[in-house]
Amino acid sequence: MATELLNKTPEVPDLLPRALRDGEGRIMLAGLGRDELAQALASIGIEPKKIRMRVKQVFHWIYNYGVTDWDAMTNIAKPLRETFAGAFSLARPEIVERLISKDGTRKYLIRMAPGIEVESVFIPDVSKTGALCVSSQVGCTLTCTFCHTGTQRLVRNLTAQEIVLQVIAARDDLDEWPTTQDVRKLTNIVFMGMGEPLYNTDEVGDSLDIICDPEGLGIGRRRITVSTSGVVPQIVPMGARTNAMLAISLHAANDELRTQIMPINNKYPLAELMQACRDYPGLSNSKRITFEYVMLKGINDSPKHARELINLLRGIPAKVNLIPFNPWPGTDYVCSDWSTIERFSDMVNAAGYASPIRTPRGRDIFAACGQLKSDSEKKRASTIRKEKLAASQIALQ
Ligand code: SAH
Ligand code: SF4
């Protein structure tokens with residue numbers, strides 16, 4: 001037994017109750033933060049004065065080297081490695097499905113725990129960057145009418161560990177360890193998968209601390225974008241806590257239309273949303289807000305809508321992402337014609353706002369924006385959607 005272990009292992013009644021465990025009941029360390037690692041190491045009796053150093057080592061092995069085997073940790077003596085291996089696992093959760101699109105987009109379905117299946121999507125870019133789109137919840141409580149995820153009821157919030165594990169799983173799959181290698185495909189993170197990140201701000205904030213740690217996954221805060229449908233009270237606190245870039249799913253620039261397609265607008269109308277945007281910490285021309293605008297044929301795509309959008313954005317350092325609507329089974333919406341999207345984009349550009357049209361990615365593997373939804377839930381889709389639609393129409397009357 002290594003000498004730095006205390007003679008008597010401390011009793012830890014409720015050690016990390018939310019941490020994932022492997023089939024043998026061992027706590028899975030990948031995805032945990034430094035404080036949690038310290039608690040875990042303390043629980044097996046590592047002397048208090050050695051804990052900081054051991055956490056630093058283990059953290060670096062997990063997040064810089066991506067090791068899954070204790071024996072790879074060569075700066076830790078063998079007996080201690082064996083003690084660690086008996087108590088903790090370096091395994092990853094199971095990837096139950098992995099699809100690769102013709103355009104290189106990769107979609108993963110990861111089973112974190114029974115019934116907790118999470119989708120994330122890696123989107124390579126021509127400019128040598130690549131973004132991983134991560135989920136923050138399983139399902140969503142909101143019911144935006146054009147969004148497939150919105151037809152899936154909320155199962156639960158993801159923990160910071162489960163968010164970080166999506167990044168680790170992608171790095172495993174892309175063969176990108178160690179993190180410090182010169183060229184990396186996975187350079188950016190966008191919280192644009194399943195769920196509303198601002199209904200899970202604590203875990204999202206904690207996950208950023210781990211993802212951005214320079215001794216680990218090392219992704220800069222400016223390369224992380226958190227997207228929200230407009231949970232107004234959380235926007236400024238989230239910015240202050242994370243320093244991340246902000247994206248707003250806007251999709252309509254007048255209250256009547258926005259409430260129709262995004263019921264959250266009823267609770268937090270546009271005036272309040274735009275004020276929160278103006279107050280976003282660090283907002284400047286080099287830290288602009290991205291406004292996402294899905295192009296729905298005959299709904300929000302006319303020149304009048306473009307003018308409303310331009311007026312709404314006045315004075316805010318902003319860029320507009322025009323997203324061609326991605327269809328999904330059971331939706332009545334249709335994507336705007338290409339010429340309509342281009343006209344809309346030209347108008348917004350002429351007003352001084354960059355407004356690129358986002359090329360749909362991974363449509364063939366159902367990985368594009370708003371198409372995410374755990375497979376097990378897909379069957380329930382049409383019934384629930386119809387019920388929700390009926391309910392929101394009643395609410396609007
Ligand atoms: N809940 C957060 C994070 C999800 S981001 C949010 O809504 O911002 C997913 C993005 O894809 C959002 O901008 C969403 O509005 C958009 N989206 C949803 N359904 C879509 C669809 N069918 N086609 C294109 N974009 C869609
Ligand atoms: Fe939820 Fe965002 Fe989809 Fe709306 S667009 S239902 S907030 S995931």
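Rule-based calculations on the coordinates, nothing more; no lab input. Because the structure is a prediction, the values reported are computed rather than measured. Reconstructed Cβ throughout: ideal geometry from the backbone, glycine too, with neighbour counts over all protein chains shown.
If a spin label sat at a point 7 angstrom from the Cα of ALA240 along the line to its beta carbon, the backbone N atoms of the stretch 271-303 nearer than 19 Å would be those of 272-284. For a test of the definition: using alpha carbon positions, the gyration tensor, and the 1.5 limit on a/c, classify the stretch 256-299 as rounded, prolate or oblate. Taking the square roots of the gyration eigenvalues as a ≥ b ≥ c, the stretch 256-299 is oblate. Screening the chain for whole DSSP H helices of 20 Å or more along their axis (Cα) with average Kyte-Doolittle hydropathy at least -0.5 returns 160-174, 381-396. Rounded, prolate or oblate: which fits the stretch 1-91 when a ≥ b ≥ c are the square roots of the eigenvalues of the alpha-carbon gyration tensor, with rounded for a/c under 1.5 and prolate only if a/b beats b/c? Note, shape of the stretch 1-91 comes out rounded. Ordering TYR280, TYR293 from the fewest to the most neighbouring beta carbons within 10 Å gives TYR280, TYR293.
When the C-alpha to C-alpha distance is required to be over 23 Å, the pairs from LYS8/LYS50; LYS107/LYS267; LYS107/LYS319 that qualify are LYS107/LYS267; LYS107/LYS319.
MET274 sits among other residues whose Cβ lies under 12 Å from its own Cβ, and their net charge, with Lys and Arg +1 and Asp and Glu -1, is 0.
Note on ASP332 and LYS56: their simple-model spin labels are 6.2 nm apart, each label 7 Å out from Cα toward Cβ. Charge tally for PHE191 (other residues, Cβ to Cβ under 15 Å; Lys, Arg +1; Asp, Glu -1): -4.
Summing charges over neighbours of ASP337, with a neighbour being any other residue whose Cβ is under 11 Å away from its Cβ, gives 0 when K and R count +1 and D and E count -1. Between LEU174 and ARG21, residue separation times 0.36 nm minus the direct Cα-Cα distance comes to 52.6 nm.
Residue order for THR179, THR9, THR68, fewest other beta carbons within 10 angstrom first, comes to THR9, THR68, THR179. Between LEU154 and CYS140, the built amide H atoms are under 5 Å apart, and every one of these is 5 or more places off in sequence or on another chain. Each stretch of four or more DSSP H residues adds -39500 (n - 2.57); spread over every residue of the chain, this sum gives -10500 deg cm²/dmol at 222 nm.
Using R0 = 35 Å, the C-beta based FRET efficiency linking THR9 and ARG156 works out to 0.65.
Contact order for the chain, expressed relative to its length and based on alpha carbon pairs under 8 Å spaced 6+ residues apart, stands at 14 percent. Residue-wise HN-Hα couplings along the stretch 216-231, as the Karplus relation 6.51 cos²θ - 1.76 cosθ + 1.60 with θ = phi - 60° gives them from phi, are x, 5, x, 9, x, 4, 5, 9, 10, 10, 9, 9, 9, 7, x, 7 Hz; Gly and Pro carry x.
Straightening the chain between GLU97 and ASP279 buys 61.4 nm, computed as 0.36 nm per residue apart minus the Cα-Cα spacing. This ranking places ASP346, ASP206, ASP173 by how few other beta-carbon atoms lie within 10 Å of each, fewest first, which gives ASP346, ASP173, ASP206.
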